[in-house]
């Protein structure tokens with residue numbers, strides 16, 4: 001259950017294109033909250049809300065150096081996301097194979113009925 005809540009937070013945070021763009025920037029290295037605000041032409045208040053959502057989802061973490069707050073990408077979280085996506089991909093791959101086998105068997109049955117007088 002805890003994993004489901006965690007994944008909900010992660011995917012909710014990733015649902016916004018600005019937050020995804022922020023993550024692209026952070027994947028290159030740490031950025032201050034001010035730098036992020038400038039990059040995305042947002043106020044400090046607006047960028048802080050985005051940062052808080054990403055931090056609550058454990059996608060990023062913050063450090064403080066003097067008076068400057070830096071955001072860093074939490075690369076470890078992507079292992080959990082990757083495991084979930086791999087599980088879903090495997091499930092749907094198997095289900096689609098089952099559907100394909102079913103459709104082919106029905107098609108074969110229809111073709112046999114058409115051949116019979």
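Sort out for me the helices (runs of 4 or more DSSP H) sitting completely within segment 8-61 that have 2 or more residues that are within 19 Å of residue 80 (Cβ to Cβ), without any contact (Cβ under 8 Å) to a residue 60 or more places away in the chain and within 20 Å of the chain's Cα centre (by Cα).
On the way: elements: 17-27, 33-39, 44-56.
Those helices (runs of 4 or more DSSP H) span 17-27, 44-56.
Restricting segment 64-85 to residues that are modelled with pLDDT of 90 or more and over 16 Å from residue 27 (Cα atoms), which is surrounded by the most Cβ atoms within 10 Å (Cβ to Cβ)?
Among them, the one singled out is 69.
Might you let me know whether segment 100-117 holds any residue that is free of Cβ contacts under 8 Å to residues at least 24 places away in the same chain and closer than 25 Å to residue 3 by Cβ?
So the first thing to find is which residues in segment 100-117 are free of Cβ contacts under 8 Å to residues at least 24 places away in the same chain, and the list is 100-117.
This time we only want the ones that are closer than 25 Å to residue 3 by Cβ, so: none.
So far as segment 100-117 goes, no, none of its residues is free of Cβ contacts under 8 Å to residues at least 24 places away in the same chain and closer than 25 Å to residue 3 by Cβ.
Please tell me if residue 75 is assigned to a loop (DSSP other than H, G, I, E, B), under 25 Å from the mean Cα position of the chain (by Cα) and under 30 Å from residue 20 (Cα atoms). Steps first, please.
Details: assigned to a loop (DSSP other than H, G, I, E, B): yes; under 25 Å from the mean Cα position of the chain (by Cα): yes; under 30 Å from residue 20 (Cα atoms): yes.
Yes, satisfied.
The values are calculated or read from the model by the stated rules, or taken from the named source; none is laboratory data. This structure is a prediction, so every number in the text was calculated from the model and none was measured. Cβ sites come from the backbone with ideal geometry, for glycine too, and all protein chains shown count toward neighbours.
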